[in-house]
Amino acid sequence: AQSVTQLGSHVSVSEGALVLLRCNYSSSVPPYLFWYVQYPNQGLQLLLKYTTGATLVKGINGFEAEFKKSETSFHLTKPSAHMSDAAEYFCAVSEGNTPLVFGKGTRLSVIA
Amino acid sequence: DAGVIQSPRHEVTEMGQEVTLRCKPISGHDYLFWYRQTMMRGLELLIYFNNNVPIDDSGMPEDRFSAKMPNASFSTLKIQPSEPRDSAVYFCASSFTEGGGTQYFGPGTRLTVL
């Protein structure tokens with residue numbers, strides 16, 4: 001069965017600094033990979049997803065993630081953090097015929 | 001499109017009472033998911049439907065929980081009787097295709113059981 005591990009339940013960065021949120025997955029078949037963001041008191045919103053093709057995926061709000069099969073990773077990055085990026089971020093995996101399996105989430109804090 | 005609609009947004013009830021949460025998926029989506037989110041357990045999948053038929057309810061915690069989808073545009077999650085440990089945020093999500101398709105989440109219902 002597939003699974004997701006998000007390294008670090010809380011990450012803190014300075015405004016303008018690089019954002020790096022780590023996600024490793026386990027899957028027995030080529031996976032579909034997702035990053036969602038949750039702002040306070042809201043539902044989850046899709047940031048980006050990888051299905052097939054190009055391994056570097058660009059999403060909304062300047063975020064991107066790279067699928068690395070050899071490392072079973074799908075880390076999320078943003079070159080320059082903004083105060084509005086403060087939120088909870090969830091990595092998720094699917095094997096295409098199963099519902100999404102979510103990681104436990106990483107809370108991102110942005111310091112002015 | 002209005003997105004996934006959930007009601008009520010907030011529910012406060014007393015232990016032992018029946019609670020009904022409602023969800024309207026995005027029109028045309030054929031999958032519907034119910035999740036529960038707590039600090040301790042994170043995001044848990046409770047049950048999901050395909051074309052109004054329950055596919056997997058293994059995440060439903062107890063017999064006190066039940067879910068129905070009488071038609072393509074409406075689903076309910078019922079807790080009877082409710083207990084304080086049921087306090088959580090309950091999300092509904094819908095999608096076109098299972099897993100590989102993007103799930104669109106509603107704003108959630110914050111349930112507090114006193």
If N is the residue count of chain A, its Cα Rg over 2.2 N^0.38 Å rounds to 1.01
Scoring chain B by relative contact order with C-alpha pairs under 8 Å, at least six apart, yields a percentage of 37
Here the tail fraction of P(r) beyond 16 Å, over all Cα-Cα pairs of segment B:7-72, rounds in percent to 55
For residue B:10 and residue A:107, extending 7 Å from Cα along the Cα-Cβ vector and measuring point to point gives, in nm, a value of 2.0
Each residue of B:31-38 has, on average, a number of other protein chain C-beta atoms within 10 Å of its C-beta equal to 2
At q = 0.14, 0.15 1/Å the base-10 log of I(q)/I(0) from the Debye formula over the alpha-carbon atoms of chain B is -0.50, -0.58
Proxy exposure order for B:31, A:89 (fewest C-beta within 10 Å first) is B:31, A:89
Listed with the fewest Cβ neighbours within 10 Å leading, A:70, B:95, B:73, B:27 appear as A:70, B:27, B:73, B:95
In nanometres, the difference between 0.36 nm per residue of separation and the alpha-carbon distance of residue A:39 and residue A:7 is 9.6 nm
For residue B:78, counting only lysines whose alpha-carbon sits under 28 Å away and dropping same-chain residues fewer than eight positions off, the answer is A:104, B:24, B:68
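Here, each number is a calculation from the coordinates, and none is a lab measurement. The shown structure was predicted, so the numbers you read here are calculated from the model rather than taken from an experiment. FYI the Cβ positions are ideal-geometry reconstructions off the backbone, even for glycines, and counts take in every protein chain you see.
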